[in-house]
């Protein structure tokens, strides 16, 4: 089973808003969600600090950043899986 990474941090209200858009896409693609806290990681903070929530498949240079809805996320994933 593959995984979709959600780059997030503690107290991210937009990340909580993104999860209802993410869950249906995970189920339809057979993916699991892994949350990665960017706090304390200088590289991730520099990349995503002002952009979270951001989701990806492992390549931090190829991500889908908020705002997105489930259709946009599904389309992004379709082009990568």
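Rule-based calculations on the coordinates, nothing more; no lab input. Quick caveat: nothing in here was measured; it's all calculated off a predicted structure. As a convention, Cβ positions derive from the backbone with ideal geometry for all residues, glycine included, and neighbour counts pool all protein chains shown.
Go ahead and set up a Gaussian network model of the chain, Cα springs under 10 Å, then flag whichever of 58, 49, 11 fluctuates most.
Of the options given, 11 has the highest mean-square fluctuation.
How far is helix 13-29 tilted, in degrees, relative to the longest principal axis of the Cα atoms in the chain, given as a value from 0 to 90 rounded to the nearest 10?
It works out to around 30 degrees.
Go ahead and set up a Gaussian network model of the chain, Cα springs under 10 Å, then flag whichever of 65, 46, 18 fluctuates most.
With Cα springs under 10 Å in the chain, the top fluctuation among 65, 46, 18 is at 46.
Note down the relative contact order for the chain as a percent, whole number, built from C-alpha pairs under 8 angstrom at least six residues apart.
Numbers: 105 pairs, mean separation 30.7, N = 81.
Normalised by residue count, the contact order of the chain is 38 percent.
State, to one decimal in nm, how far the label point of residue 62 lies from the label point of residue 39, with both points 7 Å from Cα in the Cβ direction.
So the two model labels end up 3.1 nm from each other.
Antiparallel versus total DSSP beta bridges in the chain: what percent is that, nearest 5?
On the way: 6 of 13 bridges.
That works out to approximately 45 percent antiparallel.
Describe numerically, in nm with one decimal, the distance between label points set 7 Å from Cα along Cα→Cβ at residue 19 and at residue 70.
The answer from the label model is 1.6 nm.
Given points 7 Å out from each Cα along the Cα-Cβ axis, report the residue 32 to residue 78 separation in nanometres with one decimal.
2.7
Over the chain, with a Gaussian network built from C-alpha contacts below 10 Å, which listed residue (61, 69, 37) shows the highest mean-square fluctuation?
Fluctuation is largest for 61.
Work out, in µm²/s and without decimals, the Stokes-Einstein translational diffusion coefficient of the chain at 37 °C, 0.692 mPa s, Rh from Kirkwood over C-alpha pairs. Walk me through the numbers on the way to the answer.
On the way: Rh = 12.6 Å.
In µm²/s, the coefficient rounds to 261.
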